[in-house]
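To start, the structure under review is shown below, and the notes come after it.
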Amino acid sequence: MNGSPEQSDRSRRGRGRVIWPVLSVIVFLAVAIVWSIQPASRPEAPILMVCVDGLEMSVLRPMLDRGELPNLARLAGRGVFGTLTTFAPAKSPVVWTTVATGKEARKHGIIDFIDEASGGPFTSNARRVKALWNIADDCGLSCNIIGYWNTWPAEEIDGRVVSQFSSKTQRQYQNMVKGSLFHDLDGATWPPECIDEIWPAVSEATSSERLLERVSIPVFGDLRGRSFSAEVEDLVKSSFWSFEADAGYHAAACELFEQNPADLNIVYYGGPDVIAHRFWRYRQPDFYSYEIPEEEIAAFGAAIEKYYGLIDRMIGDLVGIFPDGTRILVLSDHGMHPDFADGTASGTKTNLSAHHLDGPPGILLAAGFGVRTDGFGVRTDGFGVRTDGFGVRTDGFGLPTAGAGGGAERGGDSSEPAALGSVYDIAPTVLYLLDIPVGRDMKLGKVLKNLLDPDQIGERAIEFVDSHDEGFRPPTPSLSSDDADREFRERMRKLGYLK
């Protein structure tokens, strides 16, 4: 039996007296949770994070000693420089996603190059957890993300995303899983109009004339009119795509960092990994049991070092854009060492001559506001920076990693600078520098306070939240694009590689 209108009205008012306090508590808790992860203010200094795939200490260290990497040397001279431990198998998309999330592969979901659910490369929608740019965006900070692994389709953030994508035709034709930038690809950038903003600079930087002038000839010499074996020709052509990607992303980064600097700025270069895989045998021919023609050694023996020189100049361009005090991190996901001494991999012939799956350490260089200075050591003869001592602390902040990936048994120096941290530590450290709490679910990483100078930034405590991943969209199978395949083929036709 229904109650009277008066009883119903009293019942509604009673429920209202119960519901409103409950709603108030819910709203209060929600605001408190959001407020707890907001930075108290803007970061003390912006962050520039330069991610370079496959930088190897046994190559880098002698070049620094010879004064051939002046921009990296200047950074090392006013900061901290050492190795960065990684894990095995050190597959680039897996490691770089760990760098960006602070999580192991089984948690972030990018477990290889290819997503078995789709048959194509992993894409951003398959990632299960938030990356640094998602977390910073949640906290009201701006980000610029240029060319980073597994960023297509570009995610919506306050700032700019220029994504990396690998088309199926690209992988089939060039055996290249590193991605590139495609103008006609939906989701290539965020916001969508960003692609048109950067495309004039990207097109100019990646024109065949400019790539010949600024990349091919500086790295390989002028190969026009010279003939090599089909195998060597394939090595050169299969490297070209990554070189073009680096040039394009660098042009995009310079354009966006200049016009729209953000709190967190990240750019990725993949060329050092690609050229080391393909040309190490010319750098260290005595390691290999098969004959390597002298004319090929003469042409390509210094190609790896020369590409490192290009990367150094790119880093100089980027550093010049940002104000003094910018916190700069230069890091690689792994090192590299010679292998396949007999020209085979598991009994099958290969044209590769170096690898990194066993997880040789990468490098980490930090400089800028609040970063301690190790006194890298400046030469007095004008030739650059010495590497004796290499900024290694003896107070327990890092253990030597002699022989790990770049040691004498693999053709490198038998001593290395200290390990400053691991790839799991980068995300917690960046969050700390942005004054954002660290997720307790970043269980394998830590804030690298050993990089920091307490006299400059004080002993600020590390704040924590259980996780930043609450409310993140669910993962879905990776995507593919016929538009990118068509654009790749057209580029190859213009270059004369396809008919």
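Results for (1) in contact with a helix residue (DSSP H, G or I) (Cβ under 9 Å, 6 or more places away or on another chain); (2) at pLDDT 95 or above; (3) buried (at least 18 other Cβ atoms within 10 Å of the Cβ), shown as yes or no for each residue.
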residue: 189; (1), (2), (3): yes, yes, yes
residue: 193; (1), (2), (3): no, yes, no
residue: 212; (1), (2), (3): no, no, no
residue: 223; (1), (2), (3): yes, no, no
residue: 231; (1), (2), (3): no, no, no
residue: 238; (1), (2), (3): yes, no, no
residue: 249; (1), (2), (3): yes, yes, yes
residue: 272; (1), (2), (3): yes, yes, yes
residue: 275; (1), (2), (3): yes, yes, yes
Give me a count of the residues in the stretch 438-461 that are β-branched (Val, Ile, Thr) and closer than 20 Å to residue 418 by Cβ. 1
Tell me yes or no: at least one residue of the stretch 404-420 is more than 30 Å from residue 133 (Cβ to Cβ), more than 21 Å from the chain's Cα centre (by Cα), at pLDDT below 50 and among the polar types (S, T, N, Q). yes
Across the stretch 322-348, which residue is surrounded by the most Cβ atoms within 10 Å (Cβ to Cβ) among those that are at pLDDT 95 or above and of a type in the set (D, E, K, R)? 333
With the structure loaded, tell me whether residue 299 is more than 23 Å from the chain's Cα centre (by Cα), assigned by TED's automatic domain parsing to the domain that holds residue 431, buried (at least 18 other Cβ atoms within 10 Å of the Cβ) and under 26 Å from residue 213 (Cα atoms) or whether it fails that test. yes
(1) farther than 30 Å from residue 325 by Cα; (2) assigned to a helix (DSSP H, G or I): which one isn't true of residue 225, the others all being true? (2)
Please verify whether residue 244 is assigned by TED's automatic domain parsing to the domain that holds residue 339 and under 23 Å from residue 355 (Cα atoms), treating the condition exactly as stated. yes
Are there helices (runs of 4 or more DSSP H) fully within the stretch 32-135 with at least 1 residues that are farther than 17 Å from residue 151 by Cβ and β-branched (Val, Ile, Thr)? List them. 57-65
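The values are calculated or read from the model by the stated rules, or taken from the named source; none is laboratory data. None of these values were measured; they are calculated from a predicted model. No Cβ is skipped: glycine too gets one built from the backbone with ideal geometry, and neighbour counts run over all protein chains shown.
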